[in-house]
Amino acid sequence: MLTKFIEATNYGQGGINWGKFAVMKFTAEEWAYRSVISPGPLLAPRGWSGDHVFVLDLQTGEGSLFAPHGLARADLQKHKIWVCPLFEPFLEWLYKQDLADITKLPPAVRFTEAEAPSAVAGYRRPGTDEAAPMPQLPKPKKVVKRPLDRLQSTMIDCGMGDPAFCMDRPGVCDACRATCERRTKRRASR
C-alpha cells in the first residue's frame with residue numbers, strides 16, 4: 001500500500017490533542033492481484049475502488065477503509081473503530097483533499113479548538129446497529145465419553161495421521177486409533 005503519515009494537532013490553538021495517522025491507498029499491483037480461491041480480482045468485487053483510502057489511527061491501532069465523499073461522523077458510526085479525539089476532524093479534512101496522489105498531502109494539519117474540540121480520551125462510536133441482538137447459538141448436546149474419546153490426548157502425541165483432524169473432530173483416523181489403542185493397552189498393563 002502507498003502510505004502517507006500525517007500528524008494532526010490543536011496545540012497552540014487552545015487545544016491539547018495530537019493525532020497520528022497513516023493514510024493508505026492500494027497500489028496498481030495490489031489492484032491487479034487475482035484471488036487464489038475465487039476466479040477474478042480480489043479487491044474490486046468487494047466493493048472497493050481507487051477512491052477508497054485506509055485510515056489508521058496510529059495511537060489506537062484501529063482503522064478502516066473509507067470512501068472519502070460522505071460524512072465522517074456517519075462513517076465512524078458505521079465502522080465503530082476506537083479513535084483518538086482528532087480522528088473525526090481529521091477525516092472531515094481528508095474528505096476535502098485531492099486524494100489522487102496521497103504523497104502530496106501535507107505532513108501535518110493544525111486545527112483550532114473550535115474545529116477539533118479537545119478531549120482527554122478517545123472513543124468508539126456505538127454504531128448504527130447497536131440495538132440488533134447477538135444471535136444465540138443452540139446449546140451443545142451432552143457428549144457421552146466413550147473409551148476412545150479418552151484417548152484423544154494420546155492421539156495428538158502419537159505422530160500418526162493428521163493431528164488437526166484428530167483434535168477438531170470426535171472421530172479419529174485409523175492410524176491414530178490403532179497406535180493409541182496399543183499405547184493404552186500397554187499403559188493399562190503397567
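Table for the structure above
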| item | result |
| --- | --- |
| Other-chain or far-sequence residues with amide H under 5 Å of Leu58's (modelled H) | Lys20, Phe21, Ala22 |
| Per-bin percent of Cα-Cα distances, region 1-123 [10 Å] | 13, 42, 31, 11, 3, 0 |
| Separation in nanometres of the label points that stand 7 Å from Cα toward Cβ, at Ala32 and Gln13 | 4.1 |
| Cβ-defined net charge surrounding Phe5, 14 Å radius [Lys, Arg +1; Asp, Glu -1] | +2 |
| Environment charge at Gly70 (Cβ cut-off 14 Å; Lys +1, Arg +1, Asp -1, Glu -1) | -1 |
| Relative packing of peptides 64-76, 101-113 - highest average C-beta neighbours within 10 Å first | 64-76, 101-113 |
| Karplus (6.51, -1.76, 1.60) ³J(HN,Hα), θ = phi - 60°, over region 85-99, in Hz, Gly and Pro reported as x | x, 8, 4, 4, x, 5, 5, 4, 4, 4, 4, 8, 8, 7, 9 |
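All of the numbers you see were taken from the coordinates with simple rules; none came from a lab. For clarity, every value in this text was computed on a predicted model and none was experimentally measured. Every residue, glycine as well, gets a Cβ built from its backbone with ideal geometry; the counts of neighbours run over all protein chains shown.
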